[in-house]
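Heads up: the structure comes next, in structure tokens.
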Amino acid sequence: MIVELNLFELKLPIKVKRTYYYNPQTEPRLFAKNLGRVNKLRFFHSSDLVWVETVMVDVKLVPKELDNYKRAEEVIENDEKLFVRTLYSYIGKLFKDNEFIATPKNLYVNAKTKTLFQSNPEVSYYEAYQVKIYKLQNKFYLSVNPRYFFLSSKPALESKIKTPYVFNITSGKSFLCRKCEENELVIQVDPHTQKRVDFPQNYYFNFSPSEAEKHGFSKELYSVYSNVSKLFDRLQIDVGFLNQVADLSELYQLPLDKVEPVLVVYRFKNGSSNDPRKIFELGALENPGRMRLTFIFPKYYKEKEIENEVKEVFANQDSVYYRSLRAMGFVNVTYVRNTKEQNKAKFFYDESFNIENVDDIAKAGRVFAVVLLEGETPNLPLLLSKLPRNAIAFPIIKEKVLAGPVYIIRSFAYKALNFTEDAKAYELIDLIKNVLFVGFDLSHDHVNRLSHFALSAVDDSAKILYIHHKENLPLNEKAELELLQNSIAQALNRYKLVHGSMPACLLLMRDGIFFEDISYIRNYLDTLGLKYIIVEVNKNSNINGPKDLKGKILELDEKKFVYFATTYNLQKAVEINVVLNNSNLTPRQIAKHVYLSTRLFHPTPYVNLKLPYPLYVTDKVSLLGQLWKLYVPYFKPKQHNDKNGSNEHM
């Protein structure tokens, strides 16, 4: 038995042919630009020469007269970086020659496959293929991964629904949309330049899968994703031209001894299960049982009766919500009451989220504030700014309450457990103990040429001990080493403060490629006398297969693994590269614990994380501004043996 993967061994030798041309009648820069346009390859130039680099295949260059300008030719061997770069360029030419739209990150969209969503014909999906070159066991492979691409069905100026970005179907580039009205489309070209486009018919709005629910095609999207295996079956038909560089007739065969199905077991208060939803039957592992609760409604409800369905959820002690709270150990629910509203647990906010008599909430200690919202795009940052720091906001859209699916109400109750400082939903039975999990990332704003650093530290009981976020750094793929070292030091100090001793091991995870000087971090950790592990976690893996691989870890090389998280979305791998291992664990054991760290936290019992929990935190902190506080339960840590703590949600 084997597992098949979308990796195809290259046919080509590790060689690059470089051909030089000289045209005394044309400026080299212009000569290279024209040749690049007609041949769909990059031509380089110097003060007098033009040259092109190709892999060892018969590339038909045009025009025929080009041979008249040929001056020299050389073959470069065993330069792997040059070979990979040149092969990507040639693969791009093959796709463009076959009328695919080339987009960044080697994703190619088949414009002929446009299909309108039945649930929202304003949005269309296209079949696409992403390619990536891997080196495994000293051999090069081409990974070809079927994907889907989403655009508005009509050009931007005609589209009824809009998103922040527009996509040029000619160039394959996306731009921030600054204006789309009155037959005028304006895009942001760079930090200082906005441009009115000359051919707006070439621009369509981009859509991401995360916007599916907002635009009403989430259920149909799941059905579309279920057909991706059929695209694997059609590789030879749809992208058969890639047989020039790789053998598409045979998928990579991974033996079963390199495949580890992971059964994640949770220990709850009254038993164990591999299903996190069992918490409603088996109870939270730890919960002090106390909860202060209040409700905040739109101001017009002072004059209007609250809907019976809303009352049923939040006022009926036998509702799904209250039964779920009790099942998880909240046995002592008290209410923060409004002294100006007949002492009821109701407060009201106006259009600017100013909360009447908010002082009653501010002096109540830690309180869960259920905020009833209306409409799809409430101003949540404004809401957070108006709540006292001791209040934990639980915004919920009224329409979702009225729809009333049990899992939504149960998830809402489960969030209260996540945001209770002394509570613990469960314990992962197989997770290594006394480990500090640290994740860091750099997110980039290419428009404004800025980078943003984020680091988080989580212990093996899923408590967030430290978060550091520094914005508006100069654009750079590398984190500042001093900043990284100081953040790691703060995380270790916080662990010692909370646990009374240093961790037995530090597992440092870099989101993406570890561009930083690894020796600098290694030398620092060596001085501490700690066991440590450093890994790269790449969420943009291109490795996949036609069969169901969810819940499995695959060993591709001695220190290279991929895992497939169990999620509802399209099956997608996450790569793990073990960079340094100063521990007693094998690389395979390390990969398993990285995977298990995705289960340290569930936003709801119905959702699994794709990334390790510390990197989930850095994603939220980097991308959501102050809204990360709605998703990440981070409290001012208590010292070891301190039972009092703080009322403030960080």
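The values are calculated or read from the model by the stated rules, or taken from the named source; none is laboratory data. Keep in mind it's a predicted model, so treat the numbers as computed, not measured. Here the Cβ positions follow ideal geometry from the backbone for every residue, glycine too, while neighbour counts run over all protein chains shown.
A few comments on the model shown:
- Some residue of segment 67-89 being within 19 Å of L12 (Cα to Cα), among the acidic types (D, E) and surrounded by 14 or more Cβ atoms within 10 Å (Cβ to Cβ): no
- Verdict on Q253 being out of contact with any strand residue (DSSP E or B) (no Cβ under 9 Å at 6 or more places or on another chain) and either farther than 30 Å from I169 by Cα or without any contact (Cβ under 8 Å) to a residue 60 or more places away in the chain (or both): no
- Among the residues examined, F44 does not qualify as of a type outside the set (S, T, Y), in the same structural domain as L10 (by TED's automatic domain parsing), more than 30 Å from S208 (Cα to Cα) and surrounded by 18 or more Cβ atoms within 10 Å (Cβ to Cβ).
- Answer from S443, S519 - the residue that is closer than 29 Å to Y134 by Cα, part of a helix (DSSP H, G or I) and out of contact with any Cys (no Cβ under 9 Å at 6 or more places or on another chain): S519
- Residues in segment 518-530 that are within 22 Å of D441 (Cα to Cα) and either touching a Leu at 6+ places or on another chain (Cβ under 8 Å) or charged (D, E, K, R) (or both): I518, Y520, I521, R522, L525.
- Tally, over segment 88-109, of residues that are of a type in the set (V, I, T) and either within 13 Å of K132 (Cβ to Cβ) or not in a strand (DSSP E or B) (or both): 1
- Listed by first and then second residue, the pairs with beta-carbon distance under 6 Å, at least 6 apart or on different chains, first residue in segment 170-183 and free of Cβ contacts under 8 Å to residues at least 40 places away in the same chain, second in a loop (DSSP other than H, G, I, E, B) and of a type in the set (A, V, I, L, M), are C180/A156.
- For segment 188-220, the set of residues classified as over 25 Å from the mean Cα position of the chain (by Cα) and surrounded by 16 or more Cβ atoms within 10 Å (Cβ to Cβ) consists of V197, P200, N202, Y203, listed by residue number.
- Within segment 471-512, the set of residues being within 24 Å of N448 (Cβ to Cβ) and assigned to a helix (DSSP H, G or I) comprises L481, E482, L483, L484, S487.
- Scanning segment 542-594 for residues that are part of a loop (DSSP other than H, G, I, E, B), in contact (Cβ under 8 Å) with a residue 60 or more places away in the chain and within 24 Å of S229 (Cα to Cα) returns N542, I543, N544, G545, P546, K547, L549, G551, Y568, N569, L570, Q571.
- Segment 496-513, subset touching a Pro at 6+ places or on another chain (Cβ under 8 Å) and farther than 15 Å from I590 by Cα, residue surrounded by the fewest Cβ atoms within 10 Å (Cβ to Cβ): L497
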